[in-house]
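Where a number appears in this text, it was derived from the coordinates with a stated rule and is not lab data. Remember, it's a predicted structure, so these values are computed and weren't measured experimentally. Don't worry about glycine lacking a Cβ; one is built from the backbone with ideal geometry, like all the others, and counts go over all protein chains shown.
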Amino acid sequence: MTGVGGRSKTAGLKLRRLHKSFGTFEVLHDISLDIEAGEFVVFVGPSGCGKSTLLRLIAGLEAASAGDVFIGGTDVTERDPSERGIAMVFQTYALYPHMTVGENMGFGLKAAKRPKAEIERKVREAADALKLTDYLDRRPGQLSGGQRQRVAIGRAIVREPDVFLFDEPLSNLDAELRVDMRIEIARLHRQLGNTMIYVTHDQTEAMTLADKIIVLRSGRIEQVGSPRALYDDPDNVFVAGFIGSPA
Ligand code: ADP
Ligand code: MG
């Protein structure tokens, strides 16, 4: 990897028998999964099937009702989000409107009390990689949707996470921009080599980005496989409906 911090640090993930209930409603049921370091894994499934909840459990933004999350071989189930080596990109950017692009991107490092020179260097490198160099002094309100999402991705990159989590990052963008950003994310994955876990309900995104697709249905894993394998050999009509081939 070159340009963004000059390091290549990544980790695999193991989910073991994860459950999550809200009250009596079980949103995730017995999720076990192995993700290799550097793999691009895409979760697909209908609205409400538990995709965001699963990402939030991995991130530590939500506590599991049962089960364990291992990142890089370490049990992080009890750890705070900031101590898991992850960074998350949301559908709704979640940028601070009163801060500049540069300040938004460096905020996490500043909060972690990293030296100013280091923050500036990392923000500059991430801005280069994302074609945001000319926008560092603007505020989010002066940017297009695509540029805002780039800032959100840049903010994740500067933290040099082992694992990136993306929750439908492109679904607020128009179709053309979505294609551009998809290509950009694929390029970033090649460049950084990090593990990326990506939620989408866009079949094209899933098929083109994923090394491995995980189909979720009502809080359970329905099928796991490469895009090709799921397309050629879906286990059932539900998977076929999501991935595209006639069952
Ligand atoms: P997806 O991202 O696949 O659309 P979510 O993980 O957001 O699904 O939600 C899964 C289910 O859990 C939905 O029925 C949703 O209403 C419910 N849910 C999510 N978060 C909460 C919460 N904090 N409290 C109660 N129910 C929730
Ligand atoms: Mg969701």
Give me Met88, Met105 ranked fewest to most by other Cβ atoms within 10 Å of their Cβ, as a rough exposure proxy.
-> Met88, Met105
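Defining a contact as two alpha carbons under 8 Å apart and six or more residues distant in sequence, what relative contact order in percent does the chain show?
It comes to 28 percent, rounded to a whole number.
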For the chain, longest principal axis from Cα atoms; helix 145-158 axis from its Cα atoms; angle between them, nearest 10 degrees, is 90
Any idea what the alpha-carbon Rg over 2.2 N^0.38 Å comes to for segment 99-247?
-> 1.20
Segment 174-247, relative contact order [Cα under 8 Å, separation at least 6], % | 19
Using 20 Å as the cut-off for backbone N distance, which residues of segment 36-66 belong to the label zone defined by a point 7 Å from the Cα of Asp30 along Cα→Cβ?
-> 49-51, 54, 64-66
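Quick one: compute the contact order of segment 44-151, relative version, from alpha carbon pairs under 8 angstrom and 6+ residues apart, as a percent. Could the numbers behind the result be given before it?
On the way: 77 pairs, mean separation 23.4, N = 108.
Relative contact order comes out at 22 percent.
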Could you size up the charge dipole of the chain around its Cα centre, putting +1 on the beta carbon of Lys and Arg and -1 on that of Asp and Glu, and report it in debye to the nearest 20?
-> 780
Would you mind working out the magnitude of the charge dipole of segment 127-218 relative to its Cα centre, with +1 at each Lys and Arg C-beta and -1 at each Asp and Glu C-beta, to the nearest 20 Debye?
-> 100
Under a Gaussian network model of the chain whose springs join Cα atoms within less than 10 Å, the largest fluctuation of Ala66, Ala11, Ala156 belongs to Ala66
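Across the chain, how many lysine pairs separated by 8 or more positions, or lying on different chains, have Cα atoms within less than 19 Å? The partial results should precede the final answer.
On the way: Lys9/Lys122; Lys14/Lys51; Lys14/Lys212; Lys20/Lys51; Lys51/Lys212; Lys110/Lys122; Lys113/Lys122; Lys122/Lys131.
Lysine pair count for the chain: 8.
Between Lys14 and Ala112, take the C-beta separation as r, use R0 = 30 Å, and let me know the FRET efficiency to the nearest 0.05. Mind dumping the intermediate values first?
On the way: r = 26 Å, r/R0 = 0.87.
For Lys14 and Ala112, the calculated efficiency is 0.70.
Just from its helices, what would the mean residue ellipticity at 222 nm be for the chain, if runs of 4 or more DSSP H residues each count -39500 (n - 2.57) and the sum is divided by every residue, rounded to the nearest 500 deg cm²/dmol? It would help to have the intermediate numbers written out before the result.
On the way: 8 runs with 86 residues, N = 247.
The helix contribution divided over the chain gives -10500 deg cm²/dmol.
Mind sorting Met196, Met207, Met99 by how few other Cβ atoms lie within 10 Å of their own Cβ, fewest first? List each step's numbers first, then the result.
Values: Met196 26, Met207 18, Met99 14.
Sorted ascending by nearby Cβ count, the order is Met99, Met207, Met196.
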Order of Glu83, Glu26 - criterion: other Cβ atoms within 10 Å of each residue's Cβ, fewest first = Glu83, Glu26
